[in-house]
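Student: Can you keep this structure in mind? I'll have questions shortly.
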Amino acid sequence: MDLLTIFLLAVGLSMDAFAVSVCKGLAISGITWGKCFMVGGWFGCFQALMPMTGYFLGIRFETYIDAVAPWVAFILLLFIGGNMIYETISGEHPEEENSTLAPREMLILSVATSIDALAAGITYACIPVSLNASIGRTANTLAACALTGIITFLISVTGVRIGNIFGNRYEKRAQLAGGIILILLGVKILLEHFWK
């Protein structure tokens with residue numbers, strides 16, 4: 001895989017994180033650059049770590065990972081999206097949860113949005129990454145994973161800002177839309193698994 005292929009793969013993998021970042025921007029009041037960077041940091045780190053993990057797991061476990069990953073992502077996104085919709089409909093908006101970036105919630109979202117990157121990392125074990133001919137295969141793969149993390153970080157920060165612009169104007173509708181988007185994202189991940 002060359003640089004262009006890795007770049008396109010990184011952008012593709014970061015789209016789930018972008019969608020969830022927009023949802024976070026919808027839910028967070030009083031957005032600051034620090035909060036944007038925190039969301040980007042969570043998603044960027046996991047988008048870098050998951051393909052690295054997939055690479056080291058290797059081709060031996062490909063069947064198991066491909067079978068389970070979409071279901072895990074679907075369940076996590078369904079739970080989080082359903083919770084957002086419930087809070088909107090019931091009028092319950094725990095201010096602390098919406099206005100902060102609780103580690104537990106961010107961990108769940110980060111795993112859910114990067115679990116497909118775990119399976120993508122397995123392809124690095126099958127198709128060698130060739131970013132720099134002077135370094136070894138593993139170093140090339142780690143560089144590709146780092147590039148994926150950086151791209152996801154930048155795209156996620158942008159997503160939070162975009163979501164916040166709309167969230168300040170249409171708070172309740174935005175919260176509801178955010179929940180629906182997360183659920184649809186989970187369904188999309190599941191459908192893509194069956195339509196490969």
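Student: Counting only C-alpha contacts under 8 Å and six or more residues apart, can you give the relative contact order of the chain as a whole percent?
Tutor: For the chain, the relative contact order is 50 percent.
Student: So if each residue of separation counts as 0.36 nm, and I subtract the Cα-Cα distance between ILE127 and PHE166, what length gain in nm does that give?
Tutor: Going from the current span to full extension adds 9.9 nm.
Student: Related question: Going by C-beta contacts inside 10 Å, put VAL20, VAL72 in order with the fewest on the left.
Tutor: VAL72, VAL20
Student: Can you give the local net charge around GLY25? Use residues other than it whose beta-carbon is closer than 10 angstrom to its beta-carbon, Lys and Arg +1, Asp and Glu -1.
Tutor: With Lys, Arg at +1 and Asp, Glu at -1, the net is +3.
Student: Considering just Cα atoms, how many Å³ per residue does the convex hull of the chain enclose? Walk me through the numbers on the way to the answer.
Tutor: Numbers: hull volume 21.0 nm³, N = 196.
Residue-normalised Cα hull volume stands at 107 Å³.
Student: Can you give me the distance in nm between label points at VAL72 and ALA139, each placed 7 Å from the Cα along the Cα-to-Cβ direction?
Tutor: A separation of 3.1 nm, rounded to one decimal place.
Student: List the longest stretch of the chain that has no exposed loop site; here a site is one of the chymotrypsin sites (Phe, Trp or Tyr not before Pro) assigned by DSSP to anything other than H, G, I, E or B, with at most 16 other Cβ within 10 Å.
Tutor: On the way: sites that count: TYR170, TRP195.
With a cap of 16 other Cβ atoms within 10 Å, the longest stretch comes to 1-169.
Where a number appears in this text, it was derived from the coordinates with a stated rule and is not lab data. From a predicted model like this one, the values you see are computed outputs, not experimental measurements. Neighbour counts are summed over all protein chains in view; Cβ atoms, including those assigned to glycine, are modelled from backbone coordinates with ideal geometry.
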